[in-house]
Structure formats: structure tokens, C-alpha cells
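The values are calculated or read from the model by the stated rules, or taken from the named source; none is laboratory data. Keep in mind that this is a model prediction, so the values were computed, not measured. Cβ atoms come from the backbone with ideal geometry, glycine included; neighbour counts cover every protein chain shown. To get the accessible areas, we keep the full protein, side chains included, count just its heavy atoms, and leave off ligands, DNA and RNA. Shrake-Rupley method; radii C 1.70, N 1.55, O 1.52, S 1.80 Å.
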Amino acid sequence: MTTLKVGIIGTGLRHGTPGATGYGMAHAHAAGYEASPDAEIVAVADINPVALKAFCDEHNVPRGYSSADEMLANEELDIVSICLWPRLHAPMTIKVAEAGIKTGKPIRAIHCEKPMALTYGDAKRMVEVCDANNVLLTFNHMR
């Protein structure tokens, strides 16, 4: 099987790290990808340069970007994990799903953190855009 190329948007600092403002769920996503022989994290994006560098160093990610737009334009990704604050789930999911059309590099799947969206309308739009672009949309629900 071909190795799936993974990108993660929103690395955060690992929970309990000085300066961390959230749980750092991207580290849990990374552990899952690292455990799979069929996936490789090839790029990540975060607006916080400290979190970005720490994540790349800890998980041996070759390329880090300061914006999701830059990562999507420069990488040929199969899967994108979205590990941002809930209010950003819908707009980022839509951006990633549509990115393949703009760049000619289709994304096969998006794995988004919970909750799906803040409104029912945003949730419906996420599904519509992913369906229209043939992108599998999944969510991280614990237990």
C-alpha cells in the first residue's frame, strides 16, 4: 500500500507544557499516525512559531508552515487533521476540502476534532462541501 501523506493544522503545545492554552490534541493525532505503517506526517501548520517548532522536533515532521494556506499550496496531502479551536472547525474544513480543486492536489480525508461545528448550519455546510469534493470527513470522539 502507498503511504498516506498527512498534514496537521493546529499543533498547539502539549498539555501541561508551560504556555499551553489547550490540550494539544494534535499530539494525540500524531501518535495515531505514527502508530500506523500506512501514514506519514509530512507537514504541519500553526501560527505559533514556538508550538510549530516544538511539534516538528518532537514528531520528526520535515516541514512546518506558519499558515494552513501555505501548507495546502505546497504539499500533496492525502489526509489533513484539523486540531483547532471549535469556532475554526467549519471554515478550515471547508478550506481544506476546497483546496484540492484550487491546487489540483485532492485531499482524500479530513479528520477534525470535536465538536464538529458551533451551529447546525456550519455542520451541514462542512458535509456538503466535503461530499461535493469527494473528501471523507471524520471526527475524533473519545470513548
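Apply the Karplus parameterisation 6.51 cos²θ - 1.76 cosθ + 1.60, with θ equal to phi minus 60°, to every residue of segment 61-74 and state each ³J(HN,Hα) to the nearest whole Hz, in sequence, with x for glycine and proline.
8, x, 9, x, 10, 8, 8, 5, 4, 5, 4, 5, 6, 9
Where does each of Arg63, Arg108, Arg87 land when they are ordered by accessible area, with a 1.4 Å probe and the largest first? Spell out each step's value before the answer.
Working: Arg63 95, Arg108 140, Arg87 160 Å².
These residues rank, largest area first, as Arg87, Arg108, Arg63.
In nanometres, what is the gap between the two model label sites at Lys114 and Ile101, each 7 Å from Cα along Cα-to-Cβ?
Each label point lies 7 Å from its Cα, and together they span 3.1 nm.
What full-extension length gain, to one decimal in nm, is calculated for Thr138 and Ala123 as 0.36 nm per residue of separation minus the Cα-Cα distance?
4.2 nm
What is the set of long-range amide H partners of Ile41 at a cut-off below 5 Å, with H atoms built 1.01 Å from backbone N?
Sorted by chain and number, the residues that satisfy this are Val6.
Quick check for the chain: number of Lys pairs with alpha-carbon distance under 19 Å, counting only pairs 8 or more apart or on different chains?
Numbers: Lys5/Lys95; Lys5/Lys102; Lys5/Lys105; Lys95/Lys105; Lys95/Lys114; Lys95/Lys124; Lys114/Lys124.
Value for the chain: 7.
Within segment 65-80, list the residues whose amide N lies under 20 Å from a label point set 7 Å along Cα→Cβ of Lys53.
Of the residues in segment 65-80, 65-68, 71 have backbone N under 20 Å from the label point off Lys53.
Of the residues Ala26, Ala132, Ala117, which exhibits the maximal mean-square fluctuation in a Gaussian network model of the chain defined by a 10 Å Cα contact cut-off?
Highest fluctuation among the options: Ala132.
For the chain, what is the mean residue ellipticity at 222 nm derived from helices alone (per DSSP H run of n ≥ 4: -39500 (n - 2.57); sum divided by total residues; nearest 500 deg cm²/dmol)? Walk me through the numbers on the way to the answer.
Numbers: 5 runs with 56 residues, N = 143.
Value at 222 nm, helices only: -12000 deg cm²/dmol.
How high is the relative contact order of the chain? Use alpha-carbon pairs under 8 Å, at least six apart in sequence, and give a whole percent. Numbers along the way, then the final one.
Numbers: 279 pairs, mean separation 30.1, N = 143.
21 percent.
Name the residues whose placed amide hydrogens come within less than 5 Å of the amide hydrogen of Leu137, ignoring near sequence neighbours (fewer than 5 apart) on the same chain.
HN-HN under 5 Å from Leu137: Ile110.
For segment 1-122, what is the Kirkwood estimate of the hydrodynamic radius, computed as the reciprocal of the mean inverse distance between distinct Cα atoms, to one decimal in Å? Walk me through the numbers before you get to the answer.
Numbers: mean 1/r = 0.0695 Å⁻¹.
Averaging 1/r across every pair of different Cα atoms and inverting gives 14.4 Å.
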